[in-house]
Amino acid sequence: MNQGKTCEDLWIASVLDAWRLLEKEDIPATLEGMAALRIQGCRINNDDPIRFSIQWDALEQFQERAKIYGATDIKRDLRQCSFIFNLNHYTIEVIGYLGTVVRTDPDRMLISLGKDTIAVKSIGSFMRGLDANDPVRSHIKEYLRTLQESDASQNEQAWNDEAYQAWINRFGTPEQAAEKIKRDPEGKLGALYPYLDDSRGQNVINLLGSHAGKALALALLGAKVTVVDISAENAEYAKNVAAALDLPLTYIISDVLQLPLDQHKEKYDIVFMELGILHYFIDLEPLADLVFALLKPGGRFVIQEFHPISTKLVTTRGKRQVVFGNYFDQSLRTRDVAYSKHLNSADEKLEKKETQKVYLREWTLGEIITAFAQSGLIVQSLEESPNMKISDIGLPKLFTLVCSKASQK
């Protein structure tokens with residue numbers, strides 16, 4: 001072995017060598033166990049074998065090929081069969097789960113390692129399968145927290161690069177935007193209004209409130225509003241619109257997960273979020289716990305978001321509805337920052353640099369509802385709204401989830 005390589009390099013090389021052996025035999029496989037966490041960056045110190053699950057009816061075929069690496073006899077029981085062999089001084093375990101199809105596993109994720117693409121068991125599958133007090137789950141949670149902080153830093157940089165100009169392009173100057181909100185605050189709230197029409201006199205906090213258009217409409221209708229968002233440019237635009245409306249606005253520039261709870265715990269009657277926000281969270285549990293902590297007993301949480309069917313699975317091309325993705329995909333993706341579509345080539349700075357990227361995780365409806373329900377919130381309703389375009393008839397566009405916090409006895 002190359003003496004210049006680190007132990008980690010050699011371990012990764014062994015994972016890839018085993019993967020290539022499976023690929024050569026055209027056998028579907030997934031890297032599992034602690035090795036799957038480690039290869040995704042969540043390293044847990046242990047001496048477990050590198051474990052691959054493979055299509056169960058190909059296990060005998062692969063065991064025969066692996067005999068040159070010292071493959072053991074196949075061990076069998078009622079639901080699985082397995083064997084081990086050695087590769088580059090590492091133990092490789094190969095397991096087949098009877099009656100399963102590897103390629104259709106919703107927790108199977110493809111990741112890139114250099115020039116190779118390898119299938120791994122998702123981090124989410126460990127989160128669901130491990131007990132809340134399991135030390136491995138705690139380690140994963142800490143890893144996700146670190147990843148979220150890094151992601152938030154990237155998103156903060158992206159959202160402080162030309163956001164103010166984008167809102168001028170979309171809504172006009174702050175004075176023009178204020179006039180539109182003042183003319184029809186209920187219309188500005190749109191589909192959210194029926195869920196917030198009793199907010200007069202209530203303490204309301206809008207998480208990831210962006211340019212604060214919805215929050216300011218609520219303020220005009222009598223609510224006492226606070227907005228939290230990571231972007232100073234969003235805050236500047238929002239404050240200027242509030243000044244044009246002659247409205248008070250508390251705008252906190254912060255990553256919502258860093259909001260100081262000692263100043264905000266059980267302070268709000270309503271927490272609301274809307275449109276294009278959940279994908280900024282790598283782990284929904286901290287967000288759900290935050291919402292629960294912010295609400296007064298008896299308070300209400302309202303979130304209106306793009307429906308996962310439309311964001312993850314189905315799109316329209318011409319007059320045809322096309323399945324374009326995997327609804328159960330759990331990978332982290334990069335995308336242009338949302339406001340970039342409101343910029344144009346005439347914007348001076350845009351000509352000089354590329355549009356900033358943000359890192360996103362698209363969630364299923366089940367994952368979203370489960371996260372908020374497990375935080376202690378009580379799910380009151382889930383409503384799905386159709387897409388109103390003729391070409392999108394039959395597809396959901398939005399969903400609105402309403403939860404409450406139990407009143408104190």
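A few points about this structure:
- Considering each residue of segment 51-58 in turn, at least one proves to be part of a strand (DSSP E or B), without any contact (Cβ under 8 Å) to a residue 60 or more places away in the chain and touching a Leu at 6+ places or on another chain (Cβ under 7 Å).
- Segment 207-225: number of residues that are touching a strand residue (DSSP E or B) at 6+ places or on another chain (Cβ under 8 Å) and either hydrophobic (A, V, I, L, M, F, W, C) or buried (at least 24 other Cβ atoms within 10 Å of the Cβ) (or both): 12
- Some residue of segment 236-243 being under 23 Å from the mean Cα position of the chain (by Cα) and assigned by TED's automatic domain parsing to the domain that holds Gln202: no
- For Glu179, the stated conditions do not hold, so it cannot be described as modelled with pLDDT under 95 and surrounded by fewer than 20 Cβ atoms within 10 Å (Cβ to Cβ).
- Ile303 satisfies every condition listed in (1) without any contact (Cβ under 8 Å) to a residue 60 or more places away in the chain; (2) within 17 Å of Gln374 (Cα to Cα) except (1).
- Candidates Asp9, Asp47, filtered to the one that is modelled with pLDDT under 95 and loosely packed, with under 12 Cβ neighbours inside 10 Å: Asp47
- Which numbered condition Asp47 fails, given (1) closer than 21 Å to Arg128 by Cβ; (2) of a type in the set (Asp, Glu); (3) over 28 Å from the mean Cα position of the chain (by Cα): (1)
- Subset tally (residues that are among the acidic types (Asp, Glu) and either farther than 14 Å from Leu247 by Cβ or under 33 Å from the mean Cα position of the chain (by Cα) (or both)) for segment 178-195: 2
- Test: residue in segment 110-119 that is basic (Lys, Arg), in the same structural domain as Thr30 (by TED's automatic domain parsing) and at pLDDT 95 or above: no
- Those helices (runs of 4 or more DSSP H) of segment 168-252 that lie entirely within it include none in which at least 3 residues are in contact with a Pro (Cβ under 7 Å, 6 or more places away or on another chain) and not hydrophobic (A, V, I, L, M, F, W, C).
- Residue within segment 283-299 that is farther than 21 Å from Asp151 by Cα, assigned by TED's automatic domain parsing to the domain that holds Leu382 and of a type in the set (Asp, Glu) present: no
- Hits in segment 370-403 (condition: in contact with a strand residue (DSSP E or B) (Cβ under 7 Å, 6 or more places away or on another chain) and surrounded by 17 or more Cβ atoms within 10 Å (Cβ to Cβ)): Phe372, Leu377, Asn387, Leu395, Pro396, Lys397, Leu398, Phe399, Thr400, Leu401, Val402, Cys403
- Output for segment 120-143, where each listed residue is over 22 Å from Thr104 (Cα atoms) and either in the same structural domain as Asp26 (by TED's automatic domain parsing) or of a type in the set (D, E, K, R) (or both): Asp131, Asp134, Arg137, Lys141, Glu142
The values are calculated or read from the model by the stated rules, or taken from the named source; none is laboratory data. Remember, predicted model here, so these are calculated numbers, not experimental data. With ideal geometry, Cβ positions are generated from the backbone for all residues, glycine too; neighbour counts draw on all protein chains shown.
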